[in-house]
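Undergrad: This is the structure, below, for whatever I ask next.
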Amino acid sequence: MHRNFDPEDYAVVVKLRANPPTPWRWEIYCAGKRLPVEQSGVCFASRGTAHTAGKEALARLLDRQLRPAAESERSARSTPAFS
């Protein structure tokens with residue numbers, strides 16, 4: 001995990017990237033980055049469906065980013081300090 005990780009820096013964007021009947025794709029962007037950090041491998045029939053799937057993907061991404069920090073904090077608290 002990055003030192004200055006902030007979940008508020010991540011957002012789901014839905015874009016029209018293909019031809020009908022399934023033209024919609026979600027992409028996850030991080031503030032300050034030009035390219036998406038993650039994008040759907042499939043296209044969706046509606047913008048709403050793509051957005052819902054993108055929000056679920058964002059939740060999984062944030063969980064992966066936050067989990068190592070929580071584990072590292074727990075291990076730091078449980079490690080005895082030596083003098």
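Undergrad: For the full complex of protein chains and a 1.4 angstrom probe, list Val12, Val42 by accessible area with the highest value first.
TA: Putting Val12, Val42 in descending order of accessible area: Val42, Val12.
Undergrad: When all protein chains stay in place, what accessible area (Å², nearest 10, 1.4 Å probe) is found for Lys55?
TA: 120 Å²
Undergrad: Leaving ligands, DNA and RNA out of it, work out the accessible area of Arg64 with a 1.4 Å probe and give it in Å² to the nearest 10.
TA: Around 120 Å² of this residue is reachable by solvent.
Undergrad: Rank these residues by their accessible area, most exposed first, probe 1.4 Å: Cys43, Cys30.
TA: Cys43, Cys30
Undergrad: Each residue of segment 53-64 in order: what ³J(HN,Hα) in whole Hz does its phi give by Karplus 6.51 cos²θ - 1.76 cosθ + 1.60, θ = phi - 60°, with x for Gly and Pro?
TA: Using θ = phi - 60°, the values come out as 5, x, 5, 5, 5, 5, 4, 5, 4, 5, 4, 5 Hz.
Undergrad: Here's another thing I want to ask about it. In whole Hz, what ³J(HN,Hα) sequence does segment 19-32 give by Karplus (6.51, -1.76, 1.60; θ = phi - 60°), x for Gly and Pro?
TA: So the Karplus estimates, Gly and Pro as x, are 8, x, x, 10, x, 9, 9, 9, 9, 10, 10, 10, 3, x Hz.
Undergrad: Taking a ≥ b ≥ c as the square roots of the Cα gyration tensor eigenvalues, with a/c under 1.5 meaning rounded and otherwise prolate when a/b beats b/c, else oblate, which class fits segment 16-62?
TA: oblate
Undergrad: Another question, then. Can you list the HN-Hα couplings for segment 6-13, worked out from phi with the Karplus curve (6.51, -1.76, 1.60; θ = phi - 60°), rounded to whole Hz and with x for Gly and Pro?
TA: Along segment 6-13, the couplings run 9, x, 5, 7, 9, 8, 8, 10 Hz.
The values are calculated or read from the model by the stated rules, or taken from the named source; none is laboratory data. All of these numbers come straight from a predicted model, not from anything done at the bench. Just the protein is used for accessible areas: all its heavy atoms, side chains included, with ligands, DNA and RNA removed. Shrake-Rupley method; radii C 1.70, N 1.55, O 1.52, S 1.80 Å.
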